Every structure is written in C-alpha cells, then in structure tokens.
Amino acid sequence: MKCVINVFLLLFFFCSYALSSNVSKYEIEIDKFPVDYSSFIESIRVGGLGDAEFSSEIIEVDKNIIKVAIHFDLKGKIIRQDDWQVQIKPKFKPIFNWAPHLTPSDNHIIAQHVFRTPALIAVNQQQGIVIIPDLDILANAGKNKWYMDMDAGKNIFLLGMSESRISDHVLYERCPGAIYDRNVEFGFYIIKYEEKEELENPFRCPLKFMWNRWGHDLFIRSLPLNLEPYVKYTYDWAFNNWKNSVWQEFVIDGRKVGAPVFIVNTTQSPNYPGEVNEREFRSIWNQAWFSSLRSASGLFRYAKRTANKDLLEKAILTKELALSFPQKNGFFYGLIGTEMYEEKLNGKKYNRSKGWDVYFWVIRIGIHILGMQSSLRSIFWI
C-alpha cells in the first residue's frame, strides 16, 4: 500500500468511521476496530486514572491509519497519580525497532520535551506499525506531560503521562507529582503497512503523515519569518568574530584540511580578559551526533547562494578532512583530536592544546542495542 497523504481530509469527511465504546478501562478491543488490525496488534491496554470514568473512540483515517482517542471523566475530582500509561503490543516479532530517544532503564522515558519527531516504529519483512501521539490533543493537555517509551525486548510500545526529570545528560526519568484536576484527553495514531517499499524505509510513511498533518501548516504560518539574519549572524560568529578559536586549519599527508572545532567556551572568546582554558581535548567530530561534514553541507549551499568564496573554501576543506579520516578493520574513525597539556599560571591550572602537529584519531561508538532497554557507549582510543 502507499500512504496518499494529500487526500486525508477527503477521506476523513467521506470515509471516516467512529466507534465509541465503554470498553474496560484496561483494554481496547482490537476486533472492534473499523479496519482489520488483528494481524498487527495483539493488545492495547489502558491503565486506569484513579477512579475516573474511562471511554474511548476509534476513528478510521484511511484503510491503513486509525486514530485512538481516550477520555477520562474526573467528575470534578482531583486525582494524584505519578504514572499513567497505554501499552500497545504488536502481534508480530519485529526485526527493526526505532524510538527517537534513549531509554536505558525501565524508569527512563522519552519525555514530551523531546517530541521533535514523536514516533515509535517496529517492522519485520512482512509488516510494520508506527505509533504517533496525537499532537492536536497534546496542544491542549495543559500541565499534564506526555511521554513515550519502547520495550523492544518485551515487544511493547508505551505512551503515557508523568512528571519527569533530567537524570543524566539527555536522559529523562519518571518522577512523582502528577496532578489531574480536569477531564483528561489522550490520543494517538496507528499506521500499519505491508508494502516492501515502505518496510525497507519505515521512516517515509510517518514523516509524510506528520508533514501533512502538522508540519506543512506550521511551515506556511512561519513563512513571514526571515531566517537569513540568524544564519548570517551564526556564520559571522563562527568564522569572523570567534574565528581564532572556532576555525581549525592544518595539513594531513600533504593535504590542507579544516573544520570548526567541536566545542568552545567563554574563556576562548576574543573579549574574555583572562587566560584561555579549553574544556576538553581539542577535537573535530564526524559521527552521528556531531558531524562537521553535515554542517559543511549547509555552509556550502549558503556560500554558493551568497557568492562567498571564503566560506565556500571552508566548506570544501571540511569535506577534505572528512575524506582523510582513515578506516581500520571496517570502522571509520569518528573524530580527530590534539594532544593536550596542563599549564600552571598564578597558581591556577589551564588546559591547553599542543596544536595540530600532534594529532590522533579516535573511534567513538554509540550503540543502541535493539531488543533491549539498554544503551552502550564506549570510546576506543586507537
């Protein structure tokens, strides 16, 4: 099948089918869906919210997309409940799982703060499903915070509501304190597909759906916003005002290369009155999280558009650096760094670089183990 997103509204008005029910508050019956999902989903279990009255509605968006809406009637009460969740269990065994954030333990969640492309995906060679929170309902959720999670080992999608806290770097954990003082609406979409083309690229269909449902209109509304001054300011900062700290240019095997440094801090500002103290070893990265080559692609297009020869050269030098990264036993090196030394001035220690004449290569591996609620990260110095 193919997702024909541009006829969603037509399908909604002429082909939609709504099913309202007072299903048990712990399970939504799959066999009462308006379209057949019996080979895709084994169960949808909904946790209770205190003693609030539960109801659900299932709407057919098209033959491959349904919307599940959940309602809790608090009847004027205030309910305190630390965690509430929906558990969706696929009926098939996936060979590929994807979630937009790391959740290395049972208490970690994909908090609403990182709902940039909120989708949970599971596919095998024959079929796949995608779960997408209903962002229209979320926009009116008030102080009740939504989350997602995926337990690939148990083959369960999780959607829910809870307070959260940042426990480490970019990881979010549930924490107590959620209060519900008005009727609660919650909802999500389920997309199913079986076509080979979509199974091979499971991101295409949910991206189309989100663009047509929300992204396009948001983009049109933002068109009066001129981003050009912000782009120019950023490049002026990096390649003019802070050039001596940001731009790194050196030679590898007789080839001139260059790129912006991985990170700078306040002490490296041209206006800082004190001594420079680099936060960590000086480095340039080309891996999934931080990629100078990815940034250079945008710089290249900007330079071509503005006929800026200096920025064009910098983009090309960044490409040359990426091409010079060696391989070892099938691994690409992820970053290049310089040796550092510690200098003591007036009784204080400062972290300094020895410069690019003494560089080394690093393999940085970040592995999200599919099928486990775990992540493993290591740095190998080779």
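Distance from a point 7 Å along Cα→Cβ of Leu227 to each backbone N in the range 280-320: keep the residues under 17 Å and list them by number.
Under 17 Å, as judged by backbone N against the label point of Leu227, lie 294-306 of the range 280-320.
Going down the table (Lys256/Lys348; Lys196/Lys314; Lys256/Lys328; Lys319/Lys344; Lys93/Lys208), which pairs top 32 Å between alpha carbons?
Violating the 32 Å Cα-Cα cut-off are Lys256/Lys348; Lys196/Lys314; Lys319/Lys344.
Report the label-to-label distance for Ile30 and Glu343 in nanometres (one decimal), using points 7 Å from each Cα along the Cα→Cβ vector.
Calculated label separation equals 6.6 nm.
With only alpha-carbon pairs counted, each pair once and no self-pairs, how large is the Kirkwood hydrodynamic radius of the range 133-234 in angstroms?
17.3 Å is the Kirkwood radius here.
Roll a 1.4 angstrom probe over the protein heavy atoms and tell me the percent of accessible area of the chain that is carbon or sulfur.
Values: 11030 of 20920 Å².
The computed percentage sits at 53.
Does a label point 7 Å from the Cα of Trp289, set along Cα-to-beta-carbon, have any residues of the range 320-343 with amide nitrogen under 12 Å, and which are they?
Residues passing the 12 Å test: none.
Just to check I understand the Karplus step: with θ = phi - 60° and J = 6.51 cos²θ - 1.76 cosθ + 1.60, what whole-Hz values come out for the range 256-269, glycine and proline as x?
Working through the residues one at a time gives 6, 9, x, 4, x, 5, 4, 8, 10, 10, 4, 5, 9, 5 Hz.
Say a paramagnetic label sat at a point 7 Å from the Cα of Arg116, along Cα to Cβ; which residues of the range 141-181 have their backbone N under 17 Å from it?
Those under the cut-off are 148, 169-172.
From the residues Leu135, Phe72, Asn201, which one has its Cα farthest along the dipole of the range 63-220 in the positive direction, the dipole being from +1 and -1 charges on Cβ of Lys/Arg and Asp/Glu about the Cα centre?
Phe72
Can you give me the three principal axis dimensions of the chain from its C-alpha atoms, in Å, biggest first?
Computed over the chain, the largest-to-smallest principal extents equal 72, 48, 47 Å.
Please list, in chain and number order, the residues 5+ apart from Asn183 or on another chain whose amide H is under 5 Å from its amide H, with Hs placed from the backbone.
Leu74
Relative contact order for the range 209-282: what percent, with Cα pairs under 8 Å and sequence separation of 6 or more?
For the range 209-282, the relative contact order is 18 percent.
The values are calculated or read from the model by the stated rules, or taken from the named source; none is laboratory data. All values derive from a computational prediction rather than experimental measurement. Note that each Cβ is placed from the backbone with ideal geometry, even for glycine, and that neighbours are counted across all protein chains shown. Ligands, DNA and RNA are stripped out before the accessible areas are found, and what is left, the full protein with its side chains, is counted by its heavy atoms. Shrake-Rupley method; radii C 1.70, N 1.55, O 1.52, S 1.80 Å.
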